[in-house]
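Enquirer: Take this structure, written in structure tokens, and hold onto it; I'll ask about it next.
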Amino acid sequence: MADKFSFDIVSEVNMMEVENAVNQAQKELANRFDFKGSKSSIELNKNDKKITLVADDDFKMKALKDILEGRFAKRGVSIKSLDYKSQEKAFEGYIRQAAEIISGLPADRAKELVRLIKDSKIKVQTQIDGSKIKVISNKKDDLQEVIAYLKKTSFPLPLQFTNYR
């Protein structure tokens, strides 16, 4: 019987790197001239995996997002893992916006990913296993083809390929 080869598709975020990125963004915020005297802030809630941005106005909110996303990129954390919620009014006319940190593959996204792989017509088997997808094939070349195909697509979550056997 021929050996089967496989790998897992996961969407994980290194929370230590997220914490480092937020700390660097807070330091940059404290030193930026355009934020002097502003009540703008970036706060991380590790337990809820949420980042809360508070700004004086829309312009400063955009600048806060740019600072945060720049720090994420420098730390090697994909900005696709940030899910921005809608802006809301906060105290004294400030604007607050939450950004959830997405870790793991939600069931609907996993099904979408399996459908994408099936539509590619590459001869592999897929199975959803909790928050990861296992891809199995008789040929390593097919698995590498799936990885290359998924890297080319613009999937809304960051994907990692692990346990390649």
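The values are calculated or read from the model by the stated rules, or taken from the named source; none is laboratory data. Since the structure is predicted, the reported quantities are computational estimates derived from the model, not experimental observations. Heads up: the accessible areas ignore ligands, DNA and RNA and are worked out on the full protein's heavy atoms, side chains in. Shrake-Rupley method; radii C 1.70, N 1.55, O 1.52, S 1.80 Å.
Enquirer: Kirkwood hydrodynamic radius of the chain from all distinct Cα pairs, in Å? Don't skip to the answer; put the middle values down first.
Expert: Numbers: mean 1/r = 0.0561 Å⁻¹.
Kirkwood radius, the chain: 17.8 Å.
Enquirer: How much accessible area does Asp66 have with a 1.4 Å probe, in Å² rounded to the nearest 10?
Expert: Looks like 80 Å² after rounding.
Enquirer: State in Å² the accessible area per residue of region 10-103; use a 1.4 Å probe, count heavy atoms of protein chains only, and round to the nearest integer.
Expert: Details: 5340 Å² over 94 residues.
Per-residue accessible area for region 10-103 comes out at 57 Å².
Enquirer: Continuing with the same structure: Counting each DSSP H run of 4 or more residues in the chain as -39500 (n - 2.57), what helix-only mean residue ellipticity at 222 nm follows after dividing by all residues, to the nearest 500 deg cm²/dmol?
Expert: On the way: 4 runs with 60 residues, N = 165.
After summing the helix terms and dividing by residue count, I get -12000 deg cm²/dmol.
Enquirer: When N is the residue count of region 14-96, what does its C-alpha Rg come to as a fraction of 2.2 N^0.38 Å? All intermediate terms of the calculation are to be shown ahead of the outcome.
Expert: Working: Rg = 12.3 Å, N = 83, 2.2 N^0.38 = 11.8 Å.
Cα Rg divided by the expected 2.2 N^0.38 Å: 1.04.
Enquirer: Quick one: among Lys46, Lys132, Lys89, which has the greatest mean-square fluctuation in a GNM of the chain with alpha-carbon springs under 10 angstrom?
Expert: Top of the fluctuation ranking is Lys89.
Enquirer: Quick one: which of Lys36/Lys65; Lys46/Lys85; Lys65/Lys111; Lys4/Lys139; Lys111/Lys139; Lys80/Lys151 span more than 19 angstrom between C-alpha atoms?
Expert: Working: Lys36/Lys65 17 Å; Lys46/Lys85 17 Å; Lys65/Lys111 30 Å; Lys4/Lys139 7 Å; Lys111/Lys139 23 Å; Lys80/Lys151 14 Å.
Result: Lys65/Lys111; Lys111/Lys139 exceed 19 Å.
Enquirer: In Å, what Kirkwood hydrodynamic radius results for region 114-158 from the alpha-carbon pair distances? Could you put the intermediate results ahead of the total?
Expert: Numbers: mean 1/r = 0.0907 Å⁻¹.
Kirkwood hydrodynamic radius for region 114-158: 11.0 Å.
Enquirer: Ignoring ligands, DNA and RNA, please state the percent of accessible area on region 118-165 from carbon and sulfur, probe 1.4 Å.
Expert: Numbers: 1460 of 3160 Å².
Carbon and sulfur atoms account for 46 percent of the accessible area of region 118-165.
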